[in-house]
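Remarks on the structure that follows.
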Amino acid sequence: MSTPPLYLLDELPPVGGVAELEGAEGRHAATVRRIRAGEVVLLGDGRGGRAIAEVSSVGGDRLTALVTARQQLPPPQPRVVLAQALVKGDRGELAVELATEAGVDAVLPWRASRCVAQWDGGARGARALQRWRSTAREAAKQTRRAWVPEVGDAVDTAGLAKRVEAAAGALVLHEAAESPLATAPLPADGELLLVVGPEGGITEAELAELCGVGAVSVRLGPDVLRASTAAVVALGALGVLTARWSG
């Protein structure tokens, strides 16, 4: 039996309460998935709340369901934030999708100096950011995640350095690093920043600036990964090396 689909609401009703899906969520449930009365669905608020509900009625693009169980799941620790350099085309969205499926807790778009893609401060940049946010939301629903990763506003290297300085730990993935990820010091809780550079690589100046405020340069293995796939591999390793996958 497959896992029931997950739909997101701004607020979850209590047990015994009635949830209403409308708009895009209701249309997907009623029209695309063709969910009918009597079926079970998962509901979430994207902030750790998750509920089981039995569909009571379906009409047009609207669905109502009775909440039969509810739980509040704590966020994983440490909290992994991916600083993902902007990637050309849809590979940036692929990076966000894969990282979300692998459990990342937040994404910070990084305007590294060698990024081919450049988000401006106008409508074009806003659309690109919204695509990343929509990708994270849909990937979280696909994997039935209780927490939807927040995608923050894009930062330059100076802004990223401030996040590194404030984090409990920070790792910069770099193909020339001497230390493997498996031996890196990892915090048990707090924010762990994972930095992935652009296809052209992180410059020596950027690496020096980030390591100068506390980041550690590490390598994943013998091969050089694409900027869009490096994070998902690193997240898998972090799931094993920390307590994130033990819950």
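Derivation of every value follows stated rules applied to the coordinates shown; laboratory data play no part. All figures in this text were calculated on a predicted structure; none of them were measured in a lab. Cβ placement follows ideal geometry from the backbone for every residue including glycine, while neighbour counts extend to all protein chains displayed.
Tabulated data for the structure shown
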read-out	value
Burial ordering of C211, C115, fewest other beta-carbon atoms within 10 Å first	C211, C115
Per-residue ³J(HN,Hα) for the range 154-170, Karplus 6.51 cos²θ - 1.76 cosθ + 1.60, θ = phi - 60°, Hz, x for Gly and Pro	5, 10, 8, 5, 5, x, 5, 4, 5, 5, 4, 4, 8, 7, 6, x, 8
Over the range 6-72 - Rg/Rh using Cα atoms and the Kirkwood inverse-distance radius	0.93
In range of the label at D156: residues from the range 192-210 whose backbone nitrogen is under 14 Å from the point 7 Å along Cα→Cβ	206
Dimensions (Å) - the range 112-171, Cα atoms, principal axes, largest first	35, 34, 17
Counting all C-alpha pairs of the range 161-209, share separated by more than 18 Å (%)	33
Cα principal axis extents for the range 92-234, largest first, Å	37, 33, 30
Computed over the chain: relative contact order in percent, which uses C-alpha pairs under 8 Å that are six or more apart	20
Sequence of I52, I202 once ranked by neighbouring C-beta atoms within 10 Å, starting from the fewest	I52, I202
Table column - 3J(HN,Hα) (Hz), the range 238-243, Karplus curve with 6.51, -1.76, 1.60, x for Gly and Pro	5, x, 7, 6, 10, 8
Calculated log₁₀ intensity ratio I(q)/I(0) where the Debye formula runs over C-alpha points of the range 55-103, q = 0.17, 0.28 Å⁻¹	-0.77, -1.07
Size of the range 64-140 as Cα extents on the principal axes (Å, biggest first)	50, 33, 19
Amide H contacts under 5 Å for L171, placed H, 5+ residues apart	L193, L194, V195, V216
3J(HN,Hα) from dihedral phi, the range 222-236, Karplus parametrisation 6.51/-1.76/1.60, rounded to Hz, x for glycine, proline	x, 9, 9, 9, 5, 4, 8, 10, 4, 5, 5, 5, 5, 5, x
Cα gyration tensor, the chain - rounded (a/c under 1.5), prolate or oblate	prolate
Electrostatic dipole magnitude of the range 137-247 [Cβ: Lys, Arg +1; Asp, Glu -1; Cα centre; debye, to 20]	620
Environment charge of I52, counting only residues whose C-beta is closer than 13 Å and scoring Lys/Arg +1, Asp/Glu -1	+1
Helix-only CD estimate at 222 nm, as mean residue ellipticity for the chain, using -39500 (n - 2.57) per DSSP H run (n ≥ 4)	-8000 deg cm²/dmol
